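Undergrad: Right, I'll just put the structure down here and ask away after.
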Amino acid sequence: MNTDNDQARWAAVDTYVTDLLAPADDALAAALADSEAAGLPRIAVAPNQGKLLHLLATTQGARRILEIGTLGGYSTIWLARALPADGRLITLEYSPVHADVARRNLARAGLDTLVEVRTGAALDTLPKLEAEGAGPFDLVFIDADKVNNPHYVAWALKLSRPGTLIIVDNVVRGGAITTPHPDDPAITGTREMFDLVAREPRLDATAVQTVGTKGYDGLLIARVTS
């Protein structure tokens, strides 16, 4: 069980690393402040995790990025800043309120020409992206309702190419992912996602546990091989 001392230590290390390697600028700080003022849940990625997403997208040479779960656009800003001038990021958000906050945050960051926020249930929007020929995407970041994680990964695979990177956040759930018969649908959905990835021959993947200001969790990283 995590103690208050554990959480304080994790948060202190996050602060140390963030201050040195991922300091906030005006656009990022304002995105968090405006999200909180609008009453959005405080579940955006931590700054050092946002920097990780940025580095992965940059290393990937991503020109097209798909994000499932926008919230207030904080992670979207980190990802979009990795794009070239002619790049494109499409982010899907269920809540119109969240989407409006994200659009304002992205405009303030000067990224509204690179990013399109689409509102509605992602499982309704994803088939439309396929029909439009919006893919293939070079990187897909999944951070939405955990119940549908297996469906989101399956769609990410449909909209990918060999070499695409698929990242799924919050996959450890405080260690509860090891519960064989969980009562929590979010854990059930995440376990089903792991099962899908494990048996999918086109994916080469791993998952890492993380601790920090967001507590004890982790993320999955998968590369599309064929």
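Undergrad: 7 Å from Cα along Cα→Cβ at both residue 29 and residue 60: what's the point-to-point distance in nm?
TA: My value for the distance between the label points is 3.0 nm.
Undergrad: Which order, highest average first, do 57-65, 91-99, 178-186 follow once you tally other Cβ atoms within 10 Å for each residue and take the mean per peptide?
TA: 91-99, 57-65, 178-186
Undergrad: Another question, if that's okay. Just give me a number: lysine pairs in the chain, eight or more positions apart or cross-chain, with C-alpha atoms less than 20 Å apart.
TA: 4
Undergrad: Report, in debye and to the nearest 20, how large the dipole of the range 90-226 comes out about its Cα centre when Lys and Arg carry +1 and Asp and Glu carry -1 on their Cβ.
TA: 220
Undergrad: Taking H placed 1.01 Å from N in the peptide plane, check which residues at least 5 places from residue 203 or on another chain put their amide H under 5 Å from its amide H.
TA: 225
Undergrad: Take the solvent-accessible surface of the protein heavy atoms, probe 1.4 Å, and return the percent of it on the chain that carbon and sulfur atoms account for.
TA: Working: 5880 of 10870 Å².
Here it works out to 54 percent.
Undergrad: Per residue, what accessible area does the chain have, given a 1.4 Å probe and all protein chains present, in Å²?
TA: Numbers: 10870 Å² over 226 residues.
Spelled out: the 1.4 Å probe surface of the chain, per residue, equals 48 Å².
Undergrad: Under unit Cβ charges (Lys, Arg +1; Asp, Glu -1), what dipole magnitude, rounded to 20 debye, does the range 32-121 have relative to its Cα centre?
TA: Approximately 200 debye in magnitude.
Undergrad: Of the beta bridges DSSP finds with both residues in the chain, what % are antiparallel, to the nearest 5?
TA: Bridges in the chain that DSSP calls antiparallel: roughly 45 percent.
Undergrad: Which residues in the range 196-217 place their backbone N less than 18 Å from a point set 7 Å from the Cα of residue 12 along the Cα-to-Cβ direction?
TA: 211-216
Undergrad: Which residues' amide hydrogens lie under 5 Å from the amide hydrogen of residue 218, considering only partners 5 or more residues apart or on another chain, with H built in the peptide plane?
TA: Here 170, 171, 172, 173, 210 satisfy the definition.
The values are calculated or read from the model by the stated rules, or taken from the named source; none is laboratory data. The shown structure was predicted, so the numbers you read here are calculated from the model rather than taken from an experiment. Counting neighbours? That spans all protein chains shown, and the Cβs are built from the backbone with ideal geometry, glycine included. Areas reflect the complete protein model, heavy atoms only, side chains present, ligands, DNA and RNA absent. Shrake-Rupley method; radii C 1.70, N 1.55, O 1.52, S 1.80 Å.
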